[in-house]
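To start, the structure under review is shown below, and the notes come after it.
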Amino acid sequence: MKNAWSVLFLCCISLAQAQTTLIPDNNFERILINEGIDSDGQINGQVLTSDINTIQILNLNGSSTPYNQKITNLKGIEGFTALRSLDCSNHLIGTLDLNSNTQLVSIHCEYNMLASIQVNMLTGLTTLSCHDNFAASSNPAGPDIVVSLVVDQCLSLTNFDASNYPNLVCIQVNNAASANAGMGIYASWKKDPTAFYSEHCN
């Protein structure tokens, strides 16, 4: 009987110590379940951190996903600490903060509704594709959303596409003169004519 209680006690401690990462968007968690990543198989707003912290490639592309099952909130992505490649295109995501995912080298987030993209801590990032985004205001009568994108610390970023992104006004870079001249890492960068490069976007 004493051994049985000891086993039960150890199991309770183990469960209590199991770390979880919050996934508030049901559609995000549903994809993780369908991909076999969320091991408990239940939409409960969380996933075991151990299920996600070794994943290096995450494909969430929603091109064939019904509209009512598209992701609007990618909160929880910070738990994917080993992530190197992320495709979260073709959803309804409004903000994207990937600064905790410091191993990322490739991001595809096109065809969303991004009003904010945080990637400036990703010094090894080589590809950022964020074209065809439109940041819709929650107040149709209010002013248009103005988007600034800060990538001045992303010194390995050679593949950058922010074309057809009407809300994007300023792209903060390390060297605006080189960016405007299309020199160095900026040689193949794409943006709309209405967006400009600056070393100080405010």
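Please treat every number below as a calculation from the coordinates, not as lab data. Values in this document were obtained by computation on a predicted structure and should not be read as measured data. Cβ sites come from the backbone with ideal geometry, for glycine too, and all protein chains shown count toward neighbours.
Tabulated data
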read-out	value
Extension reserve of the Asn34-Tyr67 stretch, reckoned as 0.36 nm per residue once the Cα distance is removed	10.2 nm
Pair Lys190, Asn53: separation of 7 Å Cα→Cβ label points (nm)	3.8
Sequence of Glu110, Glu35 once ranked by neighbouring C-beta atoms within 10 Å, starting from the fewest	Glu35, Glu110
Among Ser178, Asn101, Phe134 the positive-end extreme of the charge dipole of the chain (Cβ point charges)	Asn101
Translational diffusion of the chain, µm² s⁻¹ [Kirkwood Rh, Cα pairs; Stokes-Einstein; 25 °C; 0.890 mPa s]	133
